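Please treat every number below as a calculation from the coordinates, not as lab data. The structure presented is a predicted model; accordingly, all values stated were derived computationally and were not measured. Ideal geometry is used to build each Cβ from the backbone, glycine not excepted, and the neighbour counts take in all protein chains shown.
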Amino acid sequence: MPHLFRGGVFPDDKKKSTRHKQIEALPPPERIILPMSMHAGPPCEPSVHTGQAVAMGQMIADSAAPGSAPVHATVSGFVEAIEPRRHINGEEGLSVVIFNDGKDRLDSSIRPYGSVESLDPGRLLKIVRGAGIVGLGGGAVPTHTKIASAGGKCDTVIINGCECEPYMTSDHRLMLEAPEEVVGGLRVLMKILSPKRAVIAVESNKKEAYEALRHTLPGKTDIELKMLPARYPQGSEKQLIRSVTGREVPAGRQPPDVGCAVFNVDTAAAIHRAVTTGMPLIRRIVTVAGSAVSNPKNLSVRIGTPISEIFAATGGFREKPAKILTGGPMMGAAQYDLSAPLVKSCGSLLAFSATDLPPAGTEICIRCGKCVAACPMKLLPNYLYMYERKDRLEELKKLNLQDCVECGACSYICPGRLYLVHSIRTGKQKLIDDKKKREEGQVG
Ligand code: SF4
Ligand code: SF4
């Protein structure tokens, strides 16, 4: 029996428009835009110059800073520009623009490294770093950083196949169509981390994916396959750890502090490909769906492809979208400029008609307590909202604002449709700004 995590909500999963759609490879566009910031840490520095010819899979940028992961050319061609371009985070960021020569000429460094058995853990970790892999479930933490921080502390490795966000089916399709890549990636992680327990966790609304993985595993195996109830946010790291192991990650602590490391299924597959083919992270699977999309699909897309071209590949919009999101409807970010490119951590693009948007709320808290009951992190979203609006930063700290995982369960359940998550994100930024001011001596 799984250990149930606290709180959570049960949104309609809305996955039926794409759950049966096989992954299609989207031909790469004429121009690829590669932001230098596609990971949690500081941006990379380009190592190429304008006019330089580049091959597919060639490393074009890197940074020695912790939290950064190198960037690779996702097509062959030449560097057309190195300049600020729109990022899906809404800001302009330094990007390398590559004109695609249409040849997909492979970089000479790309070749298989050998079997997992023949490579030692240190070598495998270097391969993961060199491949520029980051958390493809949305976290964008470089995978080598995550593995390194779990090294020596981790007795349980969990592969996260929950994909609990509505609409998204990219992980589902991957588990169904390439289960051996997921299992192969887990084998690499097991070799590096030597855990006592290795688990692949899948939500109960993906039974076909569960079966595909089960058939891939031999009858007697050291890998456990676990089906968990579909409940949002089952795929959030701390909640998943609770469901699989019964362990609670305390406030302000991280999974390795309770002996766990969690990796998304697509991240595992990318690790497998990096080791067995030498190919760095140059593409990812994206669900394109929502009521304004003509023909929802799952696409395998080169990183750096403009969002507008990805939507165009699904037949465009059936009507003018009223809202476009990168990521799922619970945690995704609104997009206003479709020239921005696909980044490593983005697993879905959603476009909604006006009729499909929830009605505007009253923005009045009726103190029903539903947000408190839904919060999986035991926070008080209603109070966080109130204190953020009043700039009461000390209270925000006391109520552990920083522990909010921005899952959106509170906003989803709130009858007044208060912008709770938005307010919490703003509150986090206020705390950062306040800390900076204090460090600079501007606040007494
Ligand atoms: S307060 Fe944060 S963690 Fe709690 S439900 Fe809201 S978004 Fe999720
Ligand atoms: S769910 Fe909304 S209305 Fe109810 S207590 Fe929370 S903030 Fe107030």
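Treat the count of other C-beta atoms within 10 Å as a stand-in for reagent exposure and order Met56, Met168 from fewest to most.
Details: Met56 24, Met168 30.
The order, fewest Cβ neighbours first, is Met56, Met168.
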Requested in this report: Work out from phi, with θ = phi - 60° and the Karplus expression 6.51 cos²θ - 1.76 cosθ + 1.60, the ³J(HN,Hα) of each residue of segment 141-151, listed in order in whole Hz, and give x for Gly and Pro.
Outcome: 6, x, 5, 5, 5, 5, 5, 4, 6, 8, x
Query - Among 269-277, 46-54, 217-225, the order from most to least packed when residues are scored by Cβ within 10 Å on average - result: 269-277, 46-54, 217-225
Requested in this report: Could I get the Rg over Rh figure for segment 1-84? Both from C-alpha atoms, Rh via Kirkwood, rounded to two places.
Outcome: 1.18
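Quick check: from the Cα gyration tensor, does segment 373-444 come out rounded (a/c under 1.5), prolate or oblate? Could you put the intermediate results ahead of the total?
Numbers: a/c = 2.55, a/b = 2.23, b/c = 1.14.
It is prolate, given that a/c is not under 1.5 and a/b is the larger ratio.
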Report summary line: Once amide hydrogens are built 1.01 Å from N within the peptide plane, the residues lying 5 or more places from Arg283 or on another chain with amide H under 5 Å from its amide H are Ile303
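What Kirkwood hydrodynamic radius, in Å, does the chain give when the mean of 1/r is taken over all pairs of distinct Cα atoms and then inverted?
On the way: mean 1/r = 0.0443 Å⁻¹.
In the chain this quantity evaluates to 22.6 Å.
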Query raised in the report: For segment 143-217 and segment 1-79, what is the separation of their C-alpha centers, rounded to whole Å?
Result: 19 Å
Report summary line: Computed ³J(HN,Hα) along segment 315-327: with the Karplus parameters 6.51/-1.76/1.60, θ = phi - 60°, integer Hz and x for glycine or proline, the list is x, x, 8, 6, 7, 4, x, 8, 8, 10, 10, 9, x
Query raised in the report: If you place +1 on the Cβ of every Lys and Arg and -1 on the Cβ of every Asp and Glu, how big does the dipole about the Cα centre of the chain come out, in debye to the nearest 20?
Result: 1000 debye
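What ranking of Val372, Val71, Val301, Val188 emerges when the number of other C-beta atoms within 10 Å of each C-beta is taken as an exposure proxy, fewest first?
Sorted ascending by nearby Cβ count, the order is Val372, Val188, Val301, Val71.
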Report task. Pick out, from Ala274, Leu338, Ile307, the residue whose Cα sits farthest towards the positive end of the charge dipole of segment 268-363, with +1 on the Cβ of Lys and Arg and -1 on the Cβ of Asp and Glu. Result -> Ala274
Report task. Could you work out the local net charge near Glu208, counting Lys and Arg as +1, Asp and Glu as -1, over the other residues with Cβ closer than 11 Å to its Cβ? Result -> +3
Requested in this report: Read phi for every residue in segment 41-47 and hand back ³J(HN,Hα) as whole Hz from Karplus 6.51 cos²θ - 1.76 cosθ + 1.60, θ = phi - 60°, with x for Gly and Pro.
Outcome: x, x, x, 7, 9, x, 10
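Please get the size of the charge dipole for segment 95-235, origin at its Cα centre, with Cβ charges of +1 on Lys and Arg and -1 on Asp and Glu, quoted in debye to the nearest 20.
Value, rounded to 20: 440 debye.
Classify segment 141-253 as rounded, prolate or oblate from the Cα gyration tensor: take a ≥ b ≥ c as the square roots of its eigenvalues, call it rounded if a/c is under 1.5, otherwise prolate when a/b beats b/c and oblate if not. Working shown, then result.
Values: a/c = 1.62, a/b = 1.16, b/c = 1.40.
Since a/c reaches 1.5 but b/c is at least a/b, the shape of segment 141-253 is classed as oblate.
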Report summary line: Quick calc, Ala354 & Ala148: beta-carbon distance into FRET formula, R0 41 Å, rounding 0.05, result 0.30
Query raised in the report: Using modelled amide H (1.01 Å from N, peptide plane; none on Pro or chain starts), what sits under 5 Å from the amide H of Glu224, excluding residues fewer than 5 places away?
Result: Ala198, Val199, Ile200
Query raised in the report: DSSP loop GluC sites (Glu not before Pro) in segment 376-441 with at most 11 other Cβ atoms within 10 Å of their Cβ, which ones?
Result: Glu440
Query raised in the report: With r defined as the distance between the Cβ atoms of Ile364 and Tyr336 and R0 fixed at 22 Å, what FRET efficiency is calculated, to the nearest 0.05?
Result: 0.20
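For segment 259-408, report the % of Cα-Cα distances exceeding 19 Å. The partial results should precede the final answer.
Numbers: 7308 of 11175 pairs.
Pairs farther apart than 19 Å: 65 percent.
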Requested in this report: Please give the net charge around Ala354, taking every other residue with its beta carbon less than 14 angstrom from that of Ala354, where Lys and Arg add +1 and Asp and Glu add -1.
Outcome: +1
Query raised in the report: How much net charge surrounds Cys414 when only other residues with a Cβ under 12 Å from its Cβ are counted (Lys, Arg +1; Asp, Glu -1)?
Result: +2
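For the residues Glu117, Glu24, what sequence is obtained by ranking on other C-beta atoms within 10 Å, fewest first? Could the numbers behind the result be given before it?
Numbers: Glu117 7, Glu24 14.
Ascending Cβ contact count within 10 Å gives the list Glu117, Glu24.
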Query raised in the report: Using 7 Å Cα-to-Cβ label points, what is the Gln254/Asn205 separation (nm, one decimal)?
Result: 3.1 nm
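For the chain, what proportion of DSSP beta bridges, expressed in % and rounded to the nearest 5, is antiparallel? Write out the running numbers ahead of the final one.
On the way: 36 of 60 bridges.
Close to 60 percent.
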Query raised in the report: Once you put a point 7 Å from the Cα of Ser294 and another 7 Å from the Cα of Gln402, both along the Cβ direction, what distance in nm separates them?
Result: 4.9 nm
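With r defined as the distance between the Cβ atoms of Asp222 and Arg111 and R0 fixed at 41 Å, what FRET efficiency is calculated, to the nearest 0.05?
On the way: r = 29 Å, r/R0 = 0.71.
That pair, Asp222 with Arg111, gives E of 0.90.
How would you classify segment 245-342 from its alpha-carbon gyration tensor, with a ≥ b ≥ c the square roots of the eigenvalues: rounded for a/c under 1.5, else prolate if a/b is greater than b/c, otherwise oblate? Mind dumping the intermediate values first?
Working: a/c = 2.77, a/b = 1.55, b/c = 1.79.
Verdict is oblate for segment 245-342.
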Report summary line: D (µm²/s, integer) via Stokes-Einstein for segment 54-132, Kirkwood Rh across alpha-carbon pairs, 25 °C, 0.890 mPa s: value 170 µm²/s
Report task. Output the relative contact order of the chain, whole-number percent, from Cα pairs under 8 angstrom with separation of 6+ residues. Result -> 19 percent
Requested in this report: Enumerate the amide H contacts of Ser348 below 5 Å, restricted to partners 5 or more residues apart or on another chain; note that Pro and chain-start residues carry no placed amide H.
Outcome: Thr287, Gly327
